[in-house]
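Just below is one structure, and these are the notes that go with it.
The values are calculated or read from the model by the stated rules, or taken from the named source; none is laboratory data. Being a predicted model, the structure only gives us computed values, none of them experimental. As a convention, Cβ positions derive from the backbone with ideal geometry for all residues, glycine included, and neighbour counts pool all protein chains shown. Just so you know, the surface numbers come from the protein's heavy atoms only, side chains and all, with ligands and any DNA or RNA stripped out. Shrake-Rupley method; radii C 1.70, N 1.55, O 1.52, S 1.80 Å.
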Amino acid sequence: MAPRDITLFCLVLCLGQKIQAQDGNFPIPIISATPSSVIPWNGSVKILCRGTLESYLYQLEILENLTYKQVEKQLGFQEVAEFVINPMDTNTAGRYQCRYRRERHWSAPSEALELVVTGLYDKPFLSTNGGHVAMPGENISFQCSSAHMSFDRFSLSRPGGPTLSRHRDARLQVDFTLGPVNLSFSGVYTCYGWHSGRPYLWSAPSDALELVVTGRHPPQPRRVGCPGPWHQAGEQ
């Protein structure tokens, strides 16, 4: 490559890098919550915002009146910034995002993180019509119901798994059908009731219900005694 071409190439490369920096075209930050995004009333939660090692300023924002507003800033070169929300209540529940500053520009905002506070209403009741043990490939139905409070939304939750939400006109009960299930569906489930007009304020959790998905088939009746016609107990 001729010296003139090399010089031209370097100019184009530097210009591209400058434009990229001006546009703030950095990796999108990743936002998460620990130990969970569903937090009891007066509990605490840690929000993590992952940027880059060159990030020297992080900003946490909450959505209010259709606009994201600053909650807190954190200064210091670090790849992950930690923001602690304590206590969780009606004012701190909501939709969050974060961004970081690198060089002279802000990154794009992270995806939204929804923090829910629980315990504002009495707990609903969780039951299942298929028992607590299931075989792979089966469908399991959970019922979440409220005897007194009328909800237009119910959510079924399991630690480490996705939270499922349902709407039903009856407002006192909803069915959640899971399946076909596999071993990963095993776990402890709870459900919550809430109102669509206040999506981040949930009831207390229902009593927990454990589901066990097993690869073992149920024991079969054993044939005993002398050879000949044989019937299970109760057969005529």
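The selection criterion, being open to solvent by less than 100 Å² (accessible area, probe 1.4 Å), farther than 25 Å from Gly94 by Cβ and either part of a helix (DSSP H, G or I) or at pLDDT 50 or above (or both), does not hold for Phe9.
Between Leu172, Leu164, the distinction of being of a type in the set (A, V, I, L, M) and open to solvent by 70 Å² or more (accessible area, probe 1.4 Å) belongs to Leu172 only.
Going by what's in this entry, would Thr190 be described as at pLDDT 85 or above, of a type in the set (S, T, N, Q), open to solvent by 60 Å² or more (accessible area, probe 1.4 Å) and part of a strand (DSSP E or B)? Taking the combined requirement at face value, the residue does not satisfy it. The criterion of at least 3 residues that are open to solvent by 80 Å² or more (accessible area, probe 1.4 Å) and free of Cβ contacts under 8 Å to residues at least 60 places away in the same chain is met by the following strands (runs of 3 or more DSSP E) wholly inside the range 59-149: 67-75.
Do the conditions hold for Ser155, that is, is it assigned to a strand (DSSP E or B), under 17 Å from Asp207 (Cβ atoms) and either open to solvent by less than 20 Å² (accessible area, probe 1.4 Å) or modelled with pLDDT under 95 (or both)? Taking the combined requirement at face value, the residue satisfies it.
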